[in-house]
Amino acid sequence: MFVSLERPLPDKHVSLMARNLAGEADYQPGRFQFDSERARVQAAVSTVNHDLAFRSHKLFGIVFNQFDWAGTSGWEIWSDNTVHLLVFALAVARRLDQPLNVHADLMERILVAASVSGIKIDFDFSKPLSDLHPGDETGHLEKAIGNGEYFAITDAVFPEEVRQLLAAHA
């Protein structure tokens, strides 16, 4: 699984993508498999959005599952709050026990958001996919990783108040 934060299309908002999902060779949109990687990712996105809620509102009012094809699922997030995007994406990636990869086009925004919020991050170039799973984008993704278009956040240290919030919902 490759979890990333990016703008997959110029006319889309920042999106949290899960690519190279296992067990999707016969994927059919609309047919939900409860024991799949897709289901795990969907549950993580939904849970984290509710867990990071402020009062009775989810962190993001709209997290739209805009991207849905074999091997890929992605949520367009209608928000310009990069700090919230970063915390949300890191929390989802941690819940899935995956590194968060960030597309190079967003990396400067992410570094600024981390700096102003007190989140300390370390990063490196994303690693090639270890196990390729069938899907429409696997070849394109491998090429983009090889071209240095993605950075993996290798460590993130949150300020105490954010750590407490994340720990309460881990």
In region 12-55, residues that are at positive phi and surrounded by 12 or more Cβ atoms within 10 Å (Cβ to Cβ) total 2
Yes or no: A113 of a type in the set (A, V, I, L, M), touching a residue at least 40 places away in the same chain (Cβ under 8 Å) and in a helix (DSSP H, G or I)?
no
Filtered residue count, region 71-88, keeping only those that are aromatic (F, W, Y) and within 25 Å of V157 (Cβ to Cβ):
1
Just to be sure before I move on: is D105 modelled with pLDDT under 90, at negative phi and outside any strand (DSSP E or B) in the structure I sent?
no
Please find, within region 95-128, the residue that is surrounded by the fewest Cβ atoms within 10 Å (Cβ to Cβ) out of those that are over 17 Å from F151 (Cβ atoms) and under 15 Å from the mean Cα position of the chain (by Cα).
D97
Based on what the data block shows, is L86 in a helix (DSSP H, G or I), modelled with pLDDT of 95 or more and of a type outside the set (D, E, K, R)?
no
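The values are calculated or read from the model by the stated rules, or taken from the named source; none is laboratory data. Being a predicted model, the structure only gives us computed values, none of them experimental. Glycine gets a Cβ as well: all are built from the backbone with ideal geometry, and neighbour counts include every protein chain shown.
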